[in-house]
Amino acid sequence: SLAALFEVRDELAPEAQTRLDAVARDLIERFQDPSVDTTLIAGDAGLFTDGGTAFDSANEVGLSGRLQLNAAVDPAQGGEIWRLRDGINATTQGDAGDSTLLQALNEALGTERVAASGDFLGVARSASGLAADFLSIVSSDYAHAESNQSYSASQQETLNEMEMANGVDTDYELQQMMLIEQAYAANAKVITAVSDMLDALMGI
């Protein structure tokens, strides 16, 4: 169990974290691109942020846990939802019927691009394609772990049966010892009763 915990800490968890951070980075970079939202300039935070600020590629570890919606478009954080239509850095509302930016955001999700990090084999994918591949890897790893667990449990059961067949069954031997002890105690009572009867007869 200790070896398994060390493997989770040193290998499995960091590997999964790296992939999840890569998916988060891909999502942030799609909407942080000034060509998608023209109100942004290089270095500005887009629709999704790294803890409220623009993403820095030198600080990717743990990004998935810091992923946040930009406060500028979140009314709960004092933002205005119309900036989804007019731009993150827009200072005034535009035409209510202008869907240019919304269409650009939608296209950004569907654009196929190579993930900048993670072990996704360098294949261009859309945002949904990358998320699907990540979930597929997780599902495959989970199925593999379940298979290993089932095999190990079966192996353990077989080894226990072999040990029981070739060794001493301590539970059975203890039961037998208790039965012998009970029989001995019963015999001792019978002998005591017979001795008392003989003493009584001799005393008549």
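The values are calculated or read from the model by the stated rules, or taken from the named source; none is laboratory data. Everything quoted here is computed from the prediction, not taken from an experiment. A quick note on method: Cβ atoms are made from the backbone with ideal geometry, for glycine too, and the neighbour counts reach across all protein chains shown. Each accessible area value is taken on the protein alone, full model and side chains, heavy atoms only, with ligands, DNA and RNA left out. Shrake-Rupley method; radii C 1.70, N 1.55, O 1.52, S 1.80 Å.
See the values below:
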read-out: Estimated vicinal HN-Hα couplings, Hz - the range 40-49 in sequence order (Karplus 6.51, -1.76, 1.60; Gly, Pro = x); value: 8, 10, 3, x, 7, 7, x, 4, 10, 10
read-out: 3J(HN,Hα) from dihedral phi, the range 108-116, Karplus parametrisation 6.51/-1.76/1.60, rounded to Hz, x for glycine, proline; value: 5, 5, x, 5, 8, 9, 7, 4, 6
read-out: Ordering of 72-85, 28-41 by burial proxy (mean other Cβ atoms within 10 Å per residue, highest first); value: 28-41, 72-85
read-out: Gaussian network model of the chain, springs between alpha carbon atoms under 10 Å - residue of A185, A124, A24 with greatest fluctuation; value: A185
read-out: Dipole moment magnitude, nearest 20 debye, the chain about Cα centre, only Lys, Arg, Asp, Glu C-beta charged; value: 480
read-out: Acute angle (nearest 10 degrees) that the helix 13-31 long axis makes with the longest principal axis of the chain, alpha-carbon atoms; value: 20
read-out: Cα-based shape type of the range 121-191, given that a ≥ b ≥ c are square roots of the gyration tensor eigenvalues and the cut on a/c is 1.5; value: prolate
read-out: At 0.890 mPa s and 25 °C, Stokes diffusion of the range 1-98 via Kirkwood alpha-carbon radius, µm² per second; value: 164
read-out: For R125, distant residues with modelled amide H under 5 Å away; value: R113, V114, A115
read-out: Dipole magnitude of the range 100-151 about its Cα centre (Cβ charges: Lys, Arg +1; Asp, Glu -1), debye to nearest 20; value: 140
read-out: Residue-normalised accessible area of the range 2-58, expressed per residue, 1.4 Å probe, Å²; value: 53
read-out: Crossing angle, helix 127-166 versus the chain [Cα axis fit, 0-90 degrees, rounded to tens]; value: 10
read-out: Projected-area average for the chain over all orientations - Cα convex hull basis, square nanometres; value: 24.1
read-out: Distance (nanometres) between label positions extended 7 Å along Cα→Cβ at T18 and L102; value: 4.1
read-out: Carbon/sulfur fraction of accessible area - the chain, other protein chains in place, 1.4 Å, %; value: 58
